[in-house]
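The values are calculated or read from the model by the stated rules, or taken from the named source; none is laboratory data. Note that the structure is a prediction, hence the values are computed from the model and not measured. Backbone-built Cβ (ideal geometry, glycine too); neighbour counts: all protein chains shown. Just so you know, the surface numbers come from the protein's heavy atoms only, side chains and all, with ligands and any DNA or RNA stripped out. Shrake-Rupley method; radii C 1.70, N 1.55, O 1.52, S 1.80 Å.
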Amino acid sequence: MAGGGFAEAARAGGSVKISVIIPALNEAESIGAVLRAIPRETGPWGEIAECIVVDNGSTDATAEIARAAGARVIAAPRGYGAAMSAGVTAAVGEVLVFLDGDGADPIEEMPRIVGPLVRGEADLVLASRILGRREPGSMQASQVLAGHLIGWMVRVLYGFRYTDMCAFRAIRRETVECMQMLEMTFGWNLEMQIKAVKMELRVREVPVDYRRRIGGESKVSGNLSASVQAAWRILGVFWRVRG
């Protein structure tokens, strides 16, 4: 379906319209494969109305490859949260699915992520790499430890135990809009999860198998400096979202 766009897969009325949002920074090696793996068929869990790739400063062919694979490509300032927020603003779907553009998220599990939301069983559904199986090398030990630590902190401060902050998640657009998200960097996912607890939303974590990224370098764990900066920004969310 390359070049044909995702909208053609959502012409029949009646199903919940889903917008898939993928932030991408220099993901030319993987973005084409990610887009080809997104299901086009309509099912009881909904139908993909569009796939938005948010290019926030790529210096490679990420945007061109994504566009050729049928995605709607928009630009955003640098920053993970900035890309996510731009995607939310641009989306037309009732349900938003977020995932990374590196090919590590198990896209074939999308019906399991979206299903509880569409059936009215949950308000926020998160993929959990910690509860699932992880391909060797897909996550560093420091990432697993950070997930446990942050989950413990959220439980102590807010009374809910998260196991992960995986990008792969589903939520209704109107719910995100009510959250008034502010984080423009790597703290965006945690801000959403904390606000979900504070808003007393029904949260569900779904175990998924996690793979190694197809290519390129992780923006968080790819080097020590990036990891430290991301850690500080994420920890800062607890202070900024307090109260």
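A simple spin-label model places pseudo-atoms 7 Å from Cα toward Cβ; at Ser138 and Leu157 they are separated by 2.8 nm. Secondary-structure-derived ellipticity at 222 nm for the chain, considering helices only, amounts to -11000 deg cm²/dmol, per-run term -39500 (n - 2.57) for DSSP H runs with n ≥ 4. Diffusion of region 117-197 by Stokes-Einstein, at 25 °C in a medium of 0.890 mPa s and with Rh set to the Kirkwood radius over alpha-carbon pairs, works out to 179 µm²/s. Its relative contact order, with pairs defined as Cα atoms under 8 Å and 6+ residues apart, puts the chain at 22 percent.
One quarter of the convex hull surface, Cα atoms only: what value does that give for region 27-99 in nm²? Present the calculation step by step, with values, prior to reporting the outcome.
On the way: hull surface 19.2 nm².
Quarter of the Cα hull surface area: 4.8 nm².
How large, in percent, is the carbon and sulfur part of the accessible surface of the chain at a probe radius of 1.4 Å?
Working: 5960 of 10780 Å².
That share works out to 55 percent.
Dipole of region 5-159 (Lys/Arg Cβ +1, Asp/Glu Cβ -1, origin at the Cα centre): which of Val125, Ala69, Ala83 lies farthest to the positive side? Farthest towards the positive pole: Val125. Share of pairwise Cα-Cα distances greater than 13 Å in region 152-206 is 60 percent (whole percent). Computed over the alpha carbons of region 33-73, Rg followed by Dmax gives 11.8, 39 Å. Put simply, the amide H of Tyr210, placed in the peptide plane, has neighbours under 5 Å in Arg133, Arg134, Glu135, leaving out anything fewer than 5 places away on its chain.
Sorted largest first, the spans of the alpha carbon positions of region 106-146 along the three principal axes are 35, 21, 11 Å. To the nearest 0.05, how large is the calculated FRET efficiency for His148 and Arg36 if R₀ is 35 Å and r is the Cβ-Cβ distance? The calculated FRET efficiency here is 0.55. Mind listing P(r) for the chain? All alpha-carbon pairs, 10 Å bins, whole percents. Distribution as computed: 8, 34, 40, 17, 2 percent. For region 29-160, the Cα gyration tensor yields ellipsoid semi-axes of 25, 20, 16 Å (square root of five times each eigenvalue, largest first, whole Å). Each Lys and Arg adds +1 at its Cβ and each Asp and Glu adds -1 at its Cβ; summed about the Cα centre, the chain shows a dipole of about 620 debye.
The residues of the chain expose on average 44 square angstrom of accessible surface per residue, using a 1.4 Å probe on protein heavy atoms. Selection among Trp152, Ile107, Ile31 by position relative to the dipole of the chain gives Trp152 as farthest towards the positive end (Cβ unit charges, Cα centre). Cβ-Cβ distance of Thr89 and Asp209, R₀ of 30 Å, FRET efficiency by 1/(1 + (r/R0)^6): the value works out to about 0.40. Amide H to amide H distances under 5 Å link Glu205 with Leu126, where only residues 5 or more positions off or on other chains count and H is placed in the peptide plane.
About the centre of its Cα atoms, region 33-72 shows a dipole size close to 60 debye [charges on the beta carbon of Lys, Arg (+1) and Asp, Glu (-1) only; nearest 20 debye].
Please compute the Kirkwood hydrodynamic radius of region 75-149 from all pairs of different C-alpha atoms, in Å with one decimal. Write out the running numbers ahead of the final one.
On the way: mean 1/r = 0.0682 Å⁻¹.
The answer is 14.7 Å.
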